[in-house]
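Step one of this worksheet: look at the structure below.
The values are calculated or read from the model by the stated rules, or taken from the named source; none is laboratory data. If you're wondering where the values come from, they're calculated on a predicted model, not measured in any experiment. Cβ sites come from the backbone with ideal geometry, for glycine too, and all protein chains shown count toward neighbours. SASA here: full protein model, heavy atoms, side chains in, ligands and nucleic acids out. Shrake-Rupley method; radii C 1.70, N 1.55, O 1.52, S 1.80 Å.
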Amino acid sequence: IWWILRYWGVENSRLLNGGWKGWVSAKLPTTRQSPAPAPDANFRATRHQHRLATMGHILPRLQGNKLQIVDARSEDEFCGIDKRDNERGGAIPGAKHLEWSELVDPETQRFKTSSALRQLFDQSSIDLSLPTATHCNGGGRAAVMAFGLELMGANDVRNYYRGWGEWGNS
């Protein structure tokens, strides 16, 4: 939901690192009482197109490495072994692979430390200074990757939300 909120103009959105499990394991306060309703707010949803990659955005940038593509799917999906429900398996030409789940500690569900994330990005030859489009099969895992990249300082990151669900069926 973080990426969707940002796409629609909610720039001050946050993630609860570790989710509910992280909150409880940190022994932070909880209650079963319902919170008071939030006051009404004026919000006008505005698309932030610079956060979205489309096939039309990606295709002309494949030549000349004008866009770094980071595939956040599993290795089996990236290698074409697991096609899911797509007509074809495989990868977008030139895409770099780093599975989204590698960014998160499986025990705590928290994002890994900055040094561990830096090492993962370096090992995958992902350059934080390059314009980047993340993708998976339908946007969710790619959004986690986009968050991880932005967390590490990347500032030109788009989510190819339709991802392999579109590419593998086109």
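Summed over segment 113-135, the residues that are assigned to a loop (DSSP other than H, G, I, E, B) and within 15 Å of residue 98 (Cα to Cα) give a count of 5.
Just a yes or no: is a residue in segment 65-83 in a loop (DSSP other than H, G, I, E, B), closer than 23 Å to residue 2 by Cβ and among the polar types (S, T, N, Q)? If you could, list the steps in order and put the result at the bottom.
Just the residues of segment 65-83 that are in a loop (DSSP other than H, G, I, E, B), to begin with: 65-67, 72-74, 79-83.
The next check asks that each one be closer than 23 Å to residue 2 by Cβ; those that pass are 67, 72-74.
Next, from what is left, pick out any that are among the polar types (S, T, N, Q): 74.
Checked against the condition, which is being in a loop (DSSP other than H, G, I, E, B), closer than 23 Å to residue 2 by Cβ and among the polar types (S, T, N, Q), segment 65-83 yields at least one hit.
Restricting attention to segment 74-121, the residues that are out of contact with any helix residue (DSSP H, G or I) (no Cβ under 7 Å at 6 or more places or on another chain) and hydrophobic (A, V, I, L, M, F, W, C) total 7.
Sort out which residues of segment 60-72 are touching a Gly at 6+ places or on another chain (Cβ under 8 Å) and either crowded, with 17+ Cβ neighbours inside 10 Å or among the hydrophobic types (A, V, I, L, M, F, W, C) (or both), and write them in order of number. Step through it out loud before you land on a result.
Here is the first cut: in segment 60-72, the ones touching a Gly at 6+ places or on another chain (Cβ under 8 Å) are 62, 65, 69.
Within segment 60-72, 62, 69 meet the criteria.
Within segment 1-42, being of a type in the set (A, V, I, L, M), within 16 Å of the chain's Cα centre (by Cα) and either surrounded by 13 or more Cβ atoms within 10 Å (Cβ to Cβ) or more than 30 Å from residue 94 (Cα to Cα) (or both) holds for 4, 5, 15, 16.
Which one is farthest from residue 5 (Cα to Cα) among residues in segment 112-164 that are aromatic (Phe, Trp, Tyr) and open to solvent by less than 10 Å² (accessible area, probe 1.4 Å)?
Keep residues of segment 112-164 that are aromatic (Phe, Trp, Tyr), which gives 121, 147, 160-161, 164.
If we keep only those that are open to solvent by less than 10 Å² (accessible area, probe 1.4 Å) too, we end up with 121, 160, 164.
Values: 121: 25, 160: 15, 164: 22 Å.
Among residues in segment 112-164 that are aromatic (Phe, Trp, Tyr) and open to solvent by less than 10 Å² (accessible area, probe 1.4 Å), the one farthest from residue 5 (Cα to Cα) is 121.
For beta carbons closer than 7 Å, sequence separation of 6+ or different chains, a first residue in segment 148-160 that is in contact (Cβ under 8 Å) with a residue 12 or more places away in the chain and a second that is open to solvent by 10 Å² or more (accessible area, probe 1.4 Å) and of a type in the set (Gly, Ala, Ser), the qualifying pairs are 152/114; 159/143.
Determine, yes or no, whether residue 158 is among the basic types (Lys, Arg), out of contact with any Phe, Trp or Tyr (no Cβ under 9 Å at 6 or more places or on another chain) and more than 22 Å from residue 57 (Cβ to Cβ). Spelling it out, it is not the case that residue 158 is among the basic types (Lys, Arg), out of contact with any Phe, Trp or Tyr (no Cβ under 9 Å at 6 or more places or on another chain) and more than 22 Å from residue 57 (Cβ to Cβ). Take residue 138 and decide whether it is part of a loop (DSSP other than H, G, I, E, B) and within 14 Å of residue 72 (Cβ to Cβ). Yes, satisfied. Return yes or no: is residue 89 open to solvent by less than 70 Å² (accessible area, probe 1.4 Å) and within 15 Å of the chain's Cα centre (by Cα)? No: the conditions fail for residue 89. Candidates in segment 43-59 are the residues that are over 16 Å from the mean Cα position of the chain (by Cα) and open to solvent by 80 Å² or more (accessible area, probe 1.4 Å); of these, the one that is nearest to residue 134 (Cα to Cα) is 59. Residues of segment 36-52 that are in contact (Cβ under 8 Å) with a residue 12 or more places away in the chain and either within 18 Å of residue 142 (Cα to Cα) or acidic (Asp, Glu) (or both): 48, 50, 51, 52.
Considering 133, 72, the condition of being closer than 30 Å to residue 24 by Cα and either over 11 Å from the mean Cα position of the chain (by Cα) or not charged (D, E, K, R) (or both) is satisfied by 72 alone.
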